[in-house]
Structures are given as C-alpha cells and as structure tokens.
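This report concerns only the one structure given below.
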Amino acid sequence: MNQPLLSVKNLTIDYIGEERDFRAVDDVSFDVAPGEVFGLAGESGCGKSTIAFAISRLHKPPALIRKGSQILLAGRDVLDLDPKALAAFRWREVAMVFQSAMNSLNPVLRIEDQFYDVLRTHKGMTKAEARERTAEMLRLVDIAPDRMRNYPHQFSGGMRQRIVIAICMALDPKLVVMDEPTTALDVVVQREILQRINELRKQFGFSVLFITHDLGLMVQFCDRIGIMLQGKLVEQNGAEAIYKSPQHDYTKKLWASFPSLHGGVLL
Ligand SMILES: Nc1ncnc2c1ncn2[C@@H]1O[C@H](COP(=O)(O)OP(=O)(O)OP(=O)(O)O)[C@@H](O)[C@H]1O
Ligand SMILES: [Mg+2]
C-alpha cells in the first residue's frame with residue numbers, strides 16, 4: 001500500500017470499571033489507503049464502535065486509550081491533538097456518521113442554517129457563500145436545493161440521513177467514519193445511500209471506515225474488511241478474498257451465519 005491515510009497501530013482501549021477494567025479493544029492495527037473503504041465486522045460488543053469513536057477522538061471516560069496506541073491520520077498523531085487542533089480535525093479531517101445521525105439535526109433550525117453553522121465556523125463563509133455550497137451539497141445527495149429552507153421534520157428519515165451525510169461532505173473531509181449509518185433505514189434506501197456515498201467517494205477521493213451488521217452490504221461496499229472478535233482484529237484482507245477464502249475459524253462461522261452469501265448472490 002502507498003502511504004496510508006489512516007494508520008491504526010497497537011490500539012488498546014479499556015473501559016475503566018470500579019472493580020476492574022474491561023479491555024474492549026486489544027492491540028488492534030490496520031491501515032486505510034486514500035480513497036479506500038475499510039470495513040470492520042464482528043459480533044455485537046466486539047469493539048467496533050469503540051474504535052470508531054477513538055479515531056474520531058470522540059471517546060469519553062470511562063474509555064481509556066492505553067499508552068503505546070497510535071492513530072495516525074495523514075501522518076499526524078490524532079491522539080496528540082490539543083483542543084484547538086481537535087476542533088478543526090473533527091470536521092475538516094474526519095467526519096462521523098452514526099446510526100442515529102438523522103436525529104442529530106437540530107429540529108428548530110432550517111437546514112440552510114445548520115449548513116451555515118458548520119461552514120461559517122470552519123471555512124469562514126458568508127451566508128451567501130454558505131447558501132451556494134449548501135445547494136451544491138444537497139444536489140449531490142439528490143435533494144432539491146430549494147428545500148434548504150425546510151426544517152428537519154419536513155423530511156423523511158432517509159432524506160435526513162442524506163442531509164447529515166451532505167453536511168459531513170461539505171468540508172471535504174479526508175476520512176468518513178460510518179458506524180451503522182443506514183441501519184435505521186429500509187433496505188432499498190440503505191443501498192441507495194451507500195451507492196451515493198460511493199459515487200461521492202470516487203469524485204472526492206475520501207476514505208471510509210465502514211461498520212455494519214449487514215455482511216452482504218459490507219462485502220459489496222468495502223475494498224478491504226477486518227474481522228473482530230472480542231476486541232481483537234483476527235483477520236483482515238480484501239473483501240473478495242476474505243469472503244471467498246476466509247482463514248480464521250471465526251470468519252468462516254460469521255459467513256456461514258449468512259446463508260445468502262453462500263448462494264453466490266453477491267460475488
Ligand atoms: N461506556 C462504556 N462503559 C463500559 N463498557 C463499555 C462502554 N461502552 C462500551 N462498552 C463495552 O465495550 C465493548 C465494546 O463495545 P462497542 O460498543 O465498541 O461494541 P460494538 O462492536 O460496536 O457492538 P455493536 O455491534 O453492538 O454496536 C462491549 O463489551 C461493551 O459492553
Ligand atoms: Mg457499535
């Protein structure tokens with residue numbers, strides 16, 4: 001791989017407990033190349049979201065990142081950023097879309113004002129400039145620009161999710177972390193949104209860290225996939241390779257639990 005965009009090295013994260021600590025992420029290392037989609041799969045509770053939050057520097061106590069862990073984004077040590085650098089980093093370098101992202105829109109603000117907040121703070125845009133950028137971004141996610149005057153409740157769930165993605169894209173981030181970004185949506189809308197993200201990725205060249213329980217979606221959408229088991233990354237490989245010739249027993253079990261994958265439907 002050429003110079004990776006994201007390089008996670010020996011990441012170890014504990015949740016500090018009153019009686020004892022719980023190791024949620026155990027010595028995990030992986031790289032994500034520029035423009036690549038890297039997926040994290042594994043059973044519930046294996047540590048995927050904990051990693052996603054740490055990379056976005058959104059982890060909070062009791063989560064504690066242990067010494068020796070490293071998260072490098074474009075060569076910068078994410079774990080070393082001071083509060084000022086962190087504020088810029090969060091939107092401009094990394095954007096995060098959660099499962100409940102569509103509920104993260106402010107219900108009492110028009111869409112255009114939510115874009116303006118972000119664009120003024122991070123790019124110093126005037127209202128007119130922000131409006132132009134907002135129209136451009138809404139078009140990218142197939143929402144008519146004149147709807148920027150609307151409030152969140154005037155959109156469907158899928159549209160709201162697309163608006164959140166458009167806000168994330170407005171600052172042209174290098175990495176988009178998506179933790180179950182479409183789980184709350186129906187299958188057709190899910191695939192439409194992921195297709196849109198893929199087109200945007202090809203156009204803008206950002207990388208994606210993608211987390212979903214839907215293994216079919218994961219195999220289709222990702223270039224490479226890492227398999228996690230109880231805090232450890234037990235296997236990583238190209239999506240097709242990891243699906244067609246899994247090495248680790250747990251990966252085999254994981255695929256076996258999704259019969260449709262073995263029907264040759266996907267690849
Ligand atoms: N705030 C917390 N305090 C203590 N333990 C936590 C906390 N958040 C998560 N954990 C534990 O850390 C482990 C990893 O959780 P995490 O949310 O990263 O899993 P996940 O792989 O994202 O699961 P899911 O697929 O269900 O979203 C779990 O065992 C969980 O119980
Ligand atoms: Mg999770």
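The values are calculated or read from the model by the stated rules, or taken from the named source; none is laboratory data. As the structure is a computational prediction, the values presented were derived from the model and not from experiment. Cβ atoms come from the backbone with ideal geometry, glycine included; neighbour counts cover every protein chain shown.
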**OP:** Scan the stretch 155-203 residue by residue and report those that are modelled with pLDDT of 85 or more, farther than 28 Å from L86 by Cβ and hydrophobic (A, V, I, L, M, F, W, C).
**Re:** F155, M159, L194
**OP:** Determine the pairs where a residue that is over 22 Å from A101 (Cα atoms) and among the basic types (K, R), located within the stretch 211-231, has a partner that is within 15 Å of ligand 2 (Cβ to nearest atom) and assigned to a strand (DSSP E or B) with Cβ atoms under 9 Å apart, the partner being 6 or more residues away or on another chain.
**Re:** R224/G39
Original post:
Within the set of pairs 6+ apart or on separate chains, which have a first residue in the stretch 37-48 that is in a loop (DSSP other than H, G, I, E, B), a second that is more than 11 Å from ligand 2 (Cβ to nearest atom), and C-beta atoms under 7 Å apart?
Top reply: G42/I227; G42/L229; C46/L229; C46/Q230; C46/G231; G47/V25; G47/G231
Original post:
Is it the case that A54 is within 10 Å of ligand 1 (Cβ to nearest atom), buried (at least 22 other Cβ atoms within 10 Å of the Cβ) and at pLDDT 90 or above?
Top reply: yes
Original post:
Do we find a residue being within 30 Å of S7 (Cβ to Cβ), assigned to a loop (DSSP other than H, G, I, E, B) and more than 15 Å from the chain's Cα centre (by Cα) anywhere in the stretch 154-170?
Top reply: yes
**OP:** Please state which of the following conditions R201 fails to meet, knowing it meets all the rest: (1) part of a helix (DSSP H, G or I); (2) at positive phi; (3) not aliphatic (A, V, I, L, M).
**Re:** (2)
Original post:
Mind checking whether some residue in the stretch 86-99 is in contact (Cβ under 8 Å) with a residue 40 or more places away in the chain and surrounded by fewer than 19 Cβ atoms within 10 Å (Cβ to Cβ)?
Top reply: yes
